[in-house]
Amino acid sequence: MATHIRLELEKNKLRLEFFKVRTEQQPNAINKKWVEIYADRVKKLERQLTRAQNRAQAAH
């Protein structure tokens, strides 16, 4: 579970960086929207990962 979340997180972080770079080169609304979307996903995944790790520690 935690590994799956970690992989999703890495993938979303890479996409976020990609759109940030694209926004610097072509600052259009579409790129900015994707930056927001992926920033939001990264935050959600980080929270999920933290919860999963906390549950794993509580189980031990």
- Message: Kindly evaluate residue 50 against the criterion of being on the phi < 0 side of the Ramachandran plot, among the polar types (S, T, N, Q), part of a helix (DSSP H, G or I) and under 16 Å from the mean Cα position of the chain (by Cα).
- Response: yes
- Test: residue in region 28-39 that is of a type outside the set (A, V, I, L, M, F, W, C) and not in a helix (DSSP H, G or I): yes
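Table: residues versus (1) farther than 22 Å from residue 6 by Cβ; (2) hydroxyl-bearing (Ser, Thr, Tyr); (3) surrounded by 11 or more Cβ atoms within 10 Å (Cβ to Cβ).
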{"residue": "32", "(1), (2), (3)": "yes, no, yes"}
{"residue": "36", "(1), (2), (3)": "yes, no, yes"}
{"residue": "39", "(1), (2), (3)": "no, no, yes"}
{"residue": "44", "(1), (2), (3)": "no, no, yes"}
{"residue": "52", "(1), (2), (3)": "no, no, yes"}
{"residue": "60", "(1), (2), (3)": "no, no, no"}
- Being of a type in the set (S, T, N, Q) and assigned to a helix (DSSP H, G or I) is the filter; apply it to region 1-27 and report the residue that is farthest from residue 52 (Cα to Cα). 25
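Laboratory data are not the source of any read-out in this text; all were calculated from the coordinates shown. Bear in mind the structure is a predicted one, so any value in this text is a computation, not a measurement. In this analysis, Cβ positions are derived from the backbone assuming ideal geometry, glycine residues included, and neighbour counts consider all displayed protein chains.
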